[in-house]
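Asks: The structure is given below, and queries will be raised subsequently.
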Amino acid sequence: QVQLVESGGGLVQAGGSLRLSCAVSGTIFSIDTMGWYRQAPGKQRELVATISKGESTNYADSVKGRFTISRDNAKNTVYLQMNSLKPEDTAVYYCTTKVRPVWYQVAGDYWGQGTQVTVSS
């Protein structure tokens, strides 16, 4: 079993910052791409940022220059530093990662339970 546990969400005023963390645990042979998605009320889940095993990053246009994704491979953890937050960043943020639990198994996509980020104006 693979578990993803997110933390760091909360309520912040516009212009403020938050740092999300997502720790991956369980049976892990290797972790490939890690990332964050978000879903606002009444909207579809959308990509926020991803980071490859080689630490290449990709960002949604709406967060470029404000959010930074990083990973600590020794801790099997991915982070999302969010600065200059806007009310439109309000959403549930989900961590996701591609994990191969055992060497002979195909890698699968795993998701966290989500953490609420609310930005007040």
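The values are calculated or read from the model by the stated rules, or taken from the named source; none is laboratory data. Note that the structure is a prediction, hence the values are computed from the model and not measured. When we count neighbours, we look across all protein chains shown, and the Cβ atoms used for this are built from the backbone with ideal geometry, even at glycine. Areas reflect the complete protein model, heavy atoms only, side chains present, ligands, DNA and RNA absent. Shrake-Rupley method; radii C 1.70, N 1.55, O 1.52, S 1.80 Å.
Asks: Among the residues of the stretch 80-107 satisfying the criterion of being more than 18 Å from the chain's Cα centre (by Cα) and not hydrophobic (A, V, I, L, M, F, W, C), which is modelled with the highest pLDDT?
Replies: Ranking the qualifying residues of the stretch 80-107, first place goes to Pro87.
Asks: For the structure I just gave you, tell me whether Val119 is in contact with a Pro (Cβ under 9 Å, 6 or more places away or on another chain), within 22 Å of Ser7 (Cβ to Cβ) and surrounded by 13 or more Cβ atoms within 10 Å (Cβ to Cβ).
Replies: So Val119 passes the test.
Asks: Of all residues being among the aliphatic types (A, V, I, L, M) and assigned to a loop (DSSP other than H, G, I, E, B) in the stretch 105-121, which is farthest from Glu88 (Cα to Cα)? Just the residue, please.
Replies: Going through the qualifying residues, I end up with Val106.
Conditions tested, residue by residue: (1) open to solvent by less than 20 Å² (accessible area, probe 1.4 Å); (2) closer than 26 Å to Pro87 by Cβ; (3) not basic (Lys, Arg).
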{"site": "Gln13", "(1), (2), (3)": "no, yes, yes"}
{"site": "Ser17", "(1), (2), (3)": "no, yes, yes"}
{"site": "Val24", "(1), (2), (3)": "yes, no, yes"}
{"site": "Thr27", "(1), (2), (3)": "no, no, yes"}
{"site": "Ile31", "(1), (2), (3)": "yes, no, yes"}
{"site": "Gly35", "(1), (2), (3)": "yes, yes, yes"}
{"site": "Arg38", "(1), (2), (3)": "yes, yes, no"}
{"site": "Pro41", "(1), (2), (3)": "no, yes, yes"}
{"site": "Glu46", "(1), (2), (3)": "no, yes, yes"}
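Asks: Next question, about the same structure. Would it be correct to say that Gly15 is out of contact with any strand residue (DSSP E or B) (no Cβ under 8 Å at 6 or more places or on another chain) and without any contact (Cβ under 8 Å) to a residue 40 or more places away in the chain?
Replies: Considered against the rule, which asks whether it is out of contact with any strand residue (DSSP E or B) (no Cβ under 8 Å at 6 or more places or on another chain) and without any contact (Cβ under 8 Å) to a residue 40 or more places away in the chain, Gly15 comes out as no.
Asks: Here's a follow-up. State all residues of the stretch 76-103 that are farther than 16 Å from Asp32 by Cβ, surrounded by fewer than 17 Cβ atoms within 10 Å (Cβ to Cβ) and not acidic (Asp, Glu); if no residue qualifies, say none.
Replies: Gln81, Asn83, Ser84, Lys86, Pro87
Asks: Output the strands (runs of 3 or more DSSP E) that fall wholly within the stretch 1-63 and possess 3 or more residues being within 11 Å of the chain's Cα centre (by Cα), or say none.
Replies: Because the criterion is at least 3 residues that are within 11 Å of the chain's Cα centre (by Cα), the strands (runs of 3 or more DSSP E) in the stretch 1-63 that meet it are 2-7, 18-26, 30-39, 46-51.
Asks: Oh, and also: Any chance you could count how many residues in the stretch 44-86 are free of Cβ contacts under 8 Å to residues at least 24 places away in the same chain and under 20 Å from Gly112 (Cβ atoms)?
Replies: Here the count works out to 15.
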